[in-house]
Amino acid sequence: MDTNGPKKILPQSVFRNIRPAYHFILALLACLRFWYPSRRLTVIGVTGTNGKSTVVDLLHAILAESGAPTASISSLRFRINTMEARNMLKMTMPGRFTLQRFLHDAARARCRYAVVEVTSEGIKQSRHRFIRFAGAVLTNVTPEHIEAHGGFEPYVREKIKLFARAKGFLIVNGDDKNAKRFLGVSEKMKYAYTPACITVEKAGAFERIPIHELLVSPEGISFRVGDTTITSKLIGQFNVYNILAAVSVAHALGIHPDVIKKALLRLPGIPGRMEFVQRVPFAVVVDYAHTPDALLNVYKALEHYPRRVCVLGAAGGGRDRWKRPEMGRIAAGFCDEIILTNEDPYDENPEAILGEIEKGFSSNEKFQRPHGEKIPDRREAIRAALQRAKPGDVVIITGKGAEPWMMGPEGTKIPWDDRATAREQLEKSVTKDVHLGR
């Protein structure tokens, strides 16, 4: 079904006025077409600026470990029980018909749970409408998609709409500045998680579940919640919050602590999220970080490496220009060498994008401009970074993570994978060394 017909036919000024009704009707039609599938599922919506896909994967692992048939959908993949397909749509939250069809397929497969990554753009376009959400989760809210929403406040308001529709429980990052706003939309069971404790509010009564013995190391994360010790291979302080979000949902659903413990211990990692392509003689890490906060979190998590060579291209064309110099400023504060490169330029001049990121270098006195270089070809940029790395260093490749495409002019899709490209260049380097007898 071509849902873009009105956009193609009507003048932009006319379509702008009917847009809310248009999106609402599409959501209703999709729901009716697939017989309101969410009524047969316990659907959990996960929203936030960063960490959504990680929380979806953590939740899927816990729910599946509990023995319950589980489905999940995120920017990474579509999963129904043991079946899995990579998300090739280049959109985190799919369109209404695709999403309702997925929930229909999950219900037909007798899934009990469905975990859905929910975006502000998806909410703005009513993709969340006519889905019965049992619970809503907020990871964090920081500036993102500002140009699309007309400001940070409209962006926050869109995300709050998900919480207003949740029927059972609300779960938020208690350290987020907007936590109270999200929890204040209803009188449902509420959870606020922080590295100190998980606070539960139900019918006016409060329960405090303390977090003890928190340890964040290059090998992973461990802490004790109540009487249960949680251990995970995920690294970085920011992943403590992601794990606690998943633990809070599991608690709300009545899942036994031993199941949570076992699931998180077994999970090897999240594709394209702090993913190590290799660890020796130098480390190579690929991460999706495409916001200032996410980039800062990644660099802090890898700060223990004595030297950091960074491939930075997390500033797609046509959107969020404000963050480009900020990304450059953050990188200049942590990286010993920076190679600026393309991410998804779309119809914008790639050199202009890189120039705007580079402006951020000058705002950081620690970083000397000669240590920054622009290589628009992403494959060549990754190759150059790997060539410059010495034993003990870390090469940090950010911006795309596990994304399967690079977007060019007029919506051109170029097959891509940062991880595969890094492996390919590493193999070429090894082959060359063998050929030269090194």
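The values are calculated or read from the model by the stated rules, or taken from the named source; none is laboratory data. Quick caveat: nothing in here was measured; it's all calculated off a predicted structure. Counting neighbours? That spans all protein chains shown, and the Cβs are built from the backbone with ideal geometry, glycine included.
What to note about this one:
- SER222 being among the polar types (S, T, N, Q) and in a helix (DSSP H, G or I): no
- Checking each residue in region 94-128 for being over 22 Å from the mean Cα position of the chain (by Cα) and part of a loop (DSSP other than H, G, I, E, B) picks out ALA109, ARG110, CYS111, ARG112.
- Residues (charged (D, E, K, R), out of contact with any helix residue (DSSP H, G or I) (no Cβ under 6 Å at 6 or more places or on another chain) and closer than 23 Å to TYR113 by Cβ) located in region 13-45: ARG33, ARG39
- Filter result for the condition that a residue is over 25 Å from GLY151 (Cα atoms) and without any contact (Cβ under 8 Å) to a residue 24 or more places away in the chain, over ASP377, ASP393, ASP417: ASP417
- Residues of region 210-220 include at least one that is among the small types (Gly, Ala, Ser), at positive phi and within 22 Å of the chain's Cα centre (by Cα).
- Among the residues of region 333-340, none qualifies, meaning not one is among the small types (Gly, Ala, Ser) and within 25 Å of TRP405 (Cα to Cα).
- Restricting region 294-306 to residues that are of a type in the set (A, V, I, L, M) and touching a helix residue (DSSP H, G or I) at 6+ places or on another chain (Cβ under 6 Å), the residue that is surrounded by the fewest Cβ atoms within 10 Å (Cβ to Cβ): LEU296
- Scope region 157-185; condition more than 23 Å from VAL216 (Cα to Cα), touching a helix residue (DSSP H, G or I) at 6+ places or on another chain (Cβ under 7 Å) and without any contact (Cβ under 8 Å) to a residue 60 or more places away in the chain; matching residues: GLU158, ILE160, LYS161, PHE163, LEU170, ASN178, ARG181, PHE182, VAL185
- Check on ARG112, under 15 Å from THR42 (Cα atoms) and either modelled with pLDDT of 95 or more or not basic (Lys, Arg) (or both): yes
- A residue that is buried (at least 20 other Cβ atoms within 10 Å of the Cβ) and touching a strand residue (DSSP E or B) at 6+ places or on another chain (Cβ under 6 Å) occurs nowhere in region 255-262.
- Residues within region 272-293 that are of a type outside the set (Phe, Trp, Tyr), crowded, with 18+ Cβ neighbours inside 10 Å and closer than 17 Å to VAL395 by Cα, tallied: 12
- Enumeration of residues in region 304-329 that are assigned to a helix (DSSP H, G or I) and either among the acidic types (Asp, Glu) or touching a strand residue (DSSP E or B) at 6+ places or on another chain (Cβ under 9 Å) (or both): GLU326, MET327, GLY328
- Residues of region 380-418 that turn out to be in contact with a helix residue (DSSP H, G or I) (Cβ under 9 Å, 6 or more places away or on another chain) and surrounded by fewer than 16 Cβ atoms within 10 Å (Cβ to Cβ), as a count: 1
Residue-wise test of (1) acidic (Asp, Glu); (2) in contact with a Cys (Cβ under 7 Å, 6 or more places away or on another chain); (3) at pLDDT below 95.
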{"position": "ASP344", "(1), (2), (3)": "yes, no, yes"}
{"position": "PHE367", "(1), (2), (3)": "no, no, yes"}
{"position": "ARG378", "(1), (2), (3)": "no, no, no"}
{"position": "ARG383", "(1), (2), (3)": "no, no, no"}
{"position": "ALA389", "(1), (2), (3)": "no, no, no"}
{"position": "ALA402", "(1), (2), (3)": "no, no, no"}
{"position": "LYS432", "(1), (2), (3)": "no, no, yes"}
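- Matching residues, region 67-105, being small (Gly, Ala, Ser), surrounded by fewer than 19 Cβ atoms within 10 Å (Cβ to Cβ) and at negative phi: ALA68, ALA85
- Hits in region 46-67 (condition: in contact with a helix residue (DSSP H, G or I) (Cβ under 7 Å, 6 or more places away or on another chain) and assigned to a helix (DSSP H, G or I)): THR54, VAL55, LEU58, LEU59, ALA61, ILE62, GLU65
- Residues in region 204-228 that are among the polar types (S, T, N, Q), out of contact with any Lys or Arg (no Cβ under 7 Å at 6 or more places or on another chain) and in contact (Cβ under 8 Å) with a residue 12 or more places away in the chain: SER217 alone.
- Subset tally (residues that are at pLDDT below 95 and more than 29 Å from PRO37 (Cβ to Cβ)) for region 115-148: 5
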